[in-house]
1. Please tell me if ILE91 is open to solvent by less than 70 Å² (accessible area, probe 1.4 Å), within 16 Å of PRO8 (Cα to Cα), among the aliphatic types (A, V, I, L, M) and modelled with pLDDT of 95 or more.
2. Any chance the stretch 38-49 includes a residue that's surrounded by 18 or more Cβ atoms within 10 Å (Cβ to Cβ) and either closer than 20 Å to ARG2 by Cβ or more than 11 Å from the chain's Cα centre (by Cα) (or both)?
3. Quickly run through the stretch 20-76 and pick out the residues that are aromatic (Phe, Trp, Tyr) and more than 19 Å from PHE100 (Cβ to Cβ).
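The values are calculated or read from the model by the stated rules, or taken from the named source; none is laboratory data. Source: prediction; values computed, not measured. So basically every Cβ, Gly included, is an ideal-geometry build from the backbone, and we count neighbours across all protein chains shown. With ligands, DNA and RNA removed, areas are computed over all heavy atoms of the protein, side chains included. Shrake-Rupley method; radii C 1.70, N 1.55, O 1.52, S 1.80 Å.
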Amino acid sequence: MRVYVAGPMTVGDQVENIRRGVAAANRLMELGHSPFVPHLTYFWQLMTPHTWEEWLRLDEDWLLVCDCLVRLSGESPGADREVKFCYKHEIPVYFGMEDFEQMTRGIK
């Protein structure tokens with residue numbers, strides 16, 4: 001499955017937020033899935049900045065081709081918006097890796 005990883009990026013410790021996003025993506029790969037990790041755009045933003053709305057538009061484009069979203073815990077206006085976008089477009093949302101693993105056991 002193509003799995004979008006959503007969670008905090010700019011609220012709190014950005015390095016820790018990126019680490020958590022990458023750790024979730026790594027676990028998804030171990031399970032045989034193909035993760036998309038928007039947290040990595042942090043580095044793109046350092047080189048060529050874009051507005052928050054531009055990043056969210058890009059994220060929504062990727063969500064339309066993903067099979068589901070995993071919402072990591074923590075405060076995140078962007079991730080909350082992505083969850084609402086998924087509900088609107090009938091894209092399944094899982095709250096945390098445990099939820100995802102329980103609900104998708106055996107699906108790749």
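1. Details: open to solvent by less than 70 Å² (accessible area, probe 1.4 Å): yes; within 16 Å of PRO8 (Cα to Cα): no; among the aliphatic types (A, V, I, L, M): yes; modelled with pLDDT of 95 or more: yes.
No.
2. The initial filter retains those residues of the stretch 38-49 that are surrounded by 18 or more Cβ atoms within 10 Å (Cβ to Cβ), namely 38-39.
Subsequent filtering for residues that are either closer than 20 Å to ARG2 by Cβ or more than 11 Å from the chain's Cα centre (by Cα) (or both) retains 38-39.
Yes, that holds for at least one residue.
3. Start the filter on the stretch 20-76 by keeping residues that are aromatic (Phe, Trp, Tyr), which leaves 36, 42-44, 52, 55, 62.
Those that are aromatic (Phe, Trp, Tyr) and more than 19 Å from PHE100 (Cβ to Cβ): TYR42, PHE43, TRP44, TRP52, TRP55.
Yes or no, residue by residue, for (1) in a helix (DSSP H, G or I); (2) over 17 Å from THR10 (Cα atoms); (3) free of Cβ contacts under 8 Å to residues at least 60 places away in the same chain:
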site	(1), (2), (3)
GLY78	yes, no, no
ARG81	yes, no, yes
ASP99	yes, yes, yes
ILE107	no, yes, no
